[in-house]
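Here's the structure, in structure tokens; my notes come after.
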Amino acid sequence: MWIAFGAIAIIATLVNLFMYAKGRNYKLAMVIALAFTSLTVVAEYSLVADWVESEDWSALADVVPTVKMTLWFLTVTSILLNVTPIILEFLDKN
């Protein structure tokens with residue numbers, strides 16, 4: 001599930017940036033992208049919680065260290081990319 005949420009978040013981010021570049025209203029795409037970024041993190045957390053409940057320690061040891069850094073990087077990148085149009089609009093007005 002987290003892969004699907006992540007893919008939707010990436011597509012919505014690209015739509016957000018494309019719509020801003022074309023001068024259209026991009027805010028709905030921005031909200032969708034940030035919402036699906038959040039859902040991706042929550043879905044991954046749920047997966048890890050399931051592994052803890054089933055005491056699958058090898059899965060945790062193999063996946064969590066790598067996924068932790070990946071989720072941090074992708075979440076911060078998503079936030080920065082999706083907020084960029086708002087920042088650019090603010091700078092253009094000043």
Residue pairs within 8 Å by beta carbon, gap of at least six or interchain, first lying in the range 19-30 and farther than 16 Å from residue 8 by Cα and in contact (Cβ under 8 Å) with a residue 60 or more places away in the chain, second assigned to a helix (DSSP H, G or I) and not β-branched (Val, Ile, Thr), listed first then second, are 20/85; 20/88
When residues of the range 54-81 are filtered for being closer than 21 Å to residue 32 by Cβ, free of Cβ contacts under 8 Å to residues at least 24 places away in the same chain and not aliphatic (A, V, I, L, M), how many remain? 2
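Values in this text are rule-based calculations from the coordinates and carry no lab data. From a predicted model like this one, the values you see are computed outputs, not experimental measurements. Positions of Cβ are generated from backbone atoms using ideal geometry, with glycine treated the same way; all protein chains shown enter the neighbour counts.
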